[in-house]
2 protein chains.
Amino acid sequence: MAVAMDEKLILLGHGSGGLLSHELIEKVFLRHLGNALLTPLEDSALFESAERLLAFTTDSYVVKPIFFPGGDIGRLAVCGTVNDLSMRGARPLHLSAGFIIEEGLPIDDLETIVASMHAAADEAGVTIVCGDTKVVEKHAADKLFINTSGVGAVPKNVSVSVSNAQPGDSVIVSGTVGDHGVTILSQRQGLQFKSLTKSDVAPLNGLVQEMLAACPGIHAMRDPTRGGLATTLNEIAKSSKVGIEIEEDRIPVSDAVERACEMLGLDPLYLANEGKLVVLVAKEQTEHLLEVMRNHVYGRAAAVIGQVTSERPGRVVMRNPFGIRRTIEILASDQFPRIC
Amino acid sequence: MAVAMDEKLILLGHGSGGLLSHELIEKVFLRHLGNALLTPLEDSALFESAERLLAFTTDSYVVKPIFFPGGDIGRLAVCGTVNDLSMRGARPLHLSAGFIIEEGLPIDDLETIVASMHAAADEAGVTIVCGDTKVVEKHAADKLFINTSGVGAVPKNVSVSVSNAQPGDSVIVSGTVGDHGVTILSQRQGLQFKSLTKSDVAPLNGLVQEMLAACPGIHAMRDPTRGGLATTLNEIAKSSKVGIEIEEDRIPVSDAVERACEMLGLDPLYLANEGKLVVLVAKEQTEHLLEVMRNHVYGRAAAVIGQVTSERPGRVVMRNPFGIRRTIEILASDQFPRIC
């Protein structure tokens, strides 16, 4: 009985580079992710790019818990990197996947997560072409960390950058904010309302492609992950040396997230999102872009939440329903470890 | 005093995405690694490639200890990924760097490692263009894990693959084997002879460029990292569906590594290397390639250790000085966790 149990857990030998590693690669990774570039297990994967301008990004995922309503660390790892490529207007091509596994992780859990990565990659139309697996001792990691890096191709007429926002631009958010962050935090605290919210984790490249097809002149995009909408808007304001003014009552927040935030004393403006983007576009293109976004499954609740100003460069201010303005700072505290 | 101490340690807030994260990025990462592509802190870095054929690879590094004779986890993370690109004949262009840090790591240690990454990247002629930092709680990771992914450009006339070895090819190793593995293992065991060996961790792209300039028709290359020379040769034999026969007394092993292996009961054939490569090339090009390799600082002790056969496809045999052959298997055990 003990042996049968052991066989289903990750052992240190699965990271040795030897026989057990090869077995794990065959039976879990290649079984779900196998493709013409990954399967030969070369030291690096070779691919052709028709575009000369390429995008490259990386993110490690350490979210706790590794399974949560709306997704898991695998879906998160694929979508997060697909989204980081998309925010420069790149078409995501290929991802890498690096696994750091704590000895003792059930192989079934790993397999569920790898299958989830495959499903997310399929949805996004990308392939995972190279990978790596390390196993560390008990208590030298917490279950599973995943790094995904990604390469994308940038079309010639696109130039999207957090430093490109222009005074007069509209600020649009693609949907409700705070869903991912509040879901993870409430899961960890074992709270009753945890089933009422779920993570928004999703690949945004399909939405972005339609946005760029409609408005190739989009100035800036960023996905408000760690630090939330407030931090992202501050980063754009600083990089572009512009002011940003938003209207509190225009920011989409779901009822469930609002209730959860009230109970937990959280501000949805600072909570992570994993399937939302902020886009800044010239005023005259706003209505057209909004229409395109609302026609996409991941942009249904898109809303204009404010505009870019030449006043107060580097600062974000929010006006409440009574017309009172206050400065919205970058996230200062450390209250949200391991949200993604 | 307590506050002053705290200021020098990594806190959970350094991974929050907020103010502390931005400070750490400015003061440690951009200070050492800053460049035109990384410094704007975009969601992904954009770069142009003159070559259409690209190489992409990833590796996570979890070596324990993070500092060791001959290098550290930072140098290892840069060299390992540079080498994985080089093994396909690619010219490494850009790397990503993803840090997973245990709360409480001294910031000075992190800075030393980041500076070491910069030095190794400079030596290899690559730039780190994108990065990510996560911080996890005490005991949720062991000090520091680093993922590096890399993108390289493959010249048109080059076609190097572990599946390309041909019967009759010479098998060349670029220098002594076992240095990295024995150094890490002896460090961990606190053994007396630990100062006698040091890791061979080095970027091999310069050596590979000279090898390919001299012999563009090189068939196969691989760096014998985890699992060592024995495992790498088995992987090549299996991928290329050929046999490999090596001569025991031709395999370069330093005196210090040989002594350490005797004391620890280790076989240098199964120990990791981080600055060595195995190359398979047509017999008639062997002498020329060997000469080129020996003229390079990382190929001084290059040696022909055997040849490829059409007999016994998928198997590696070693002949000892008495002419007796035995099969060399892939690494079977799990005795070497966290060697890289």
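Values for this structure:
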quantity: Under 27 Å from the Cα of residue A:156 - lysines, other chains or at least 8 residues apart; calculated: A:238, A:241, A:276, A:283, B:156
quantity: Per-pair calculated FRET efficiency, R0 = 60 Å: residue B:112 and residue B:284 via Cβ, rounded to 0.05; calculated: 0.80
quantity: Per residue, the convex hull volume that the Cα atoms of region B:161-225 enclose (Å³); calculated: 110
quantity: Per-residue average of Cβ from other chains inside 10 Å of A:226-235; calculated: 3
quantity: Label point distance in nm, residue B:263-residue A:52, each placed 7 Å from Cα along Cα→Cβ; calculated: 5.7
quantity: Within region B:261-324, chymotrypsin sites (Phe, Trp or Tyr not before Pro) in DSSP loop having at most 13 other beta-carbon neighbours inside 10 Å; calculated: B:322
quantity: Shortest-first nm distances, residue B:137 label point to equivalent points in other copies (7 Å, Cα→Cβ); calculated: 2.1
quantity: For chain A, the Rg and Dmax computed from alpha carbons only, in angstrom; calculated: 20.9, 70
quantity: Given charges at beta-carbon only (K, R positive; D, E negative), |dipole| of chain A in Debye; calculated: 840
quantity: Surface/4 estimate of mean projected area, convex hull on alpha-carbon atoms of region A:40-154, nm²; calculated: 7.5
quantity: Shielding by other protein chains, B:92-103, mean Cβ within 10 Å; calculated: 4
quantity: Residue-averaged beta-carbon neighbours from other chains (10 angstrom radius) around A:60-71; calculated: 3
quantity: Overall dimensions of the protein assembly as shown as given by Cα atoms, namely Rg and Dmax in Å; calculated: 25.7, 93
quantity: Charge dipole magnitude, Cβ of K and R +1, D and E -1 - the protein assembly as shown, Cα centre, debye nearest 20; calculated: 340
quantity: Shortest-first distances to equivalent copies, position residue B:284, nm, label 7 Å out along Cβ; calculated: 6.9
quantity: Bridge type composition, region B:40-154 - antiparallel percent by DSSP, nearest 5; calculated: 70
quantity: DSSP bridge orientation in chain A - percent antiparallel, rounded to nearest 5; calculated: 75
quantity: Cα-based reach from residue B:143 at 12 Å (exclusive), listing aspartates and glutamates while leaving out same-chain residues under 8 positions away; calculated: B:102, B:103, B:109
quantity: Nearest-first distances (nm) between copies at residue A:8, label 7 Å from Cα via Cβ; calculated: 4.9
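No lab work stands behind these numbers, since they all come straight from the coordinates. Just so we're clear, the structure is a prediction, and the values are computed from it rather than from any experiment. Cβ atoms come from the backbone with ideal geometry, glycine included; neighbour counts cover every protein chain shown.
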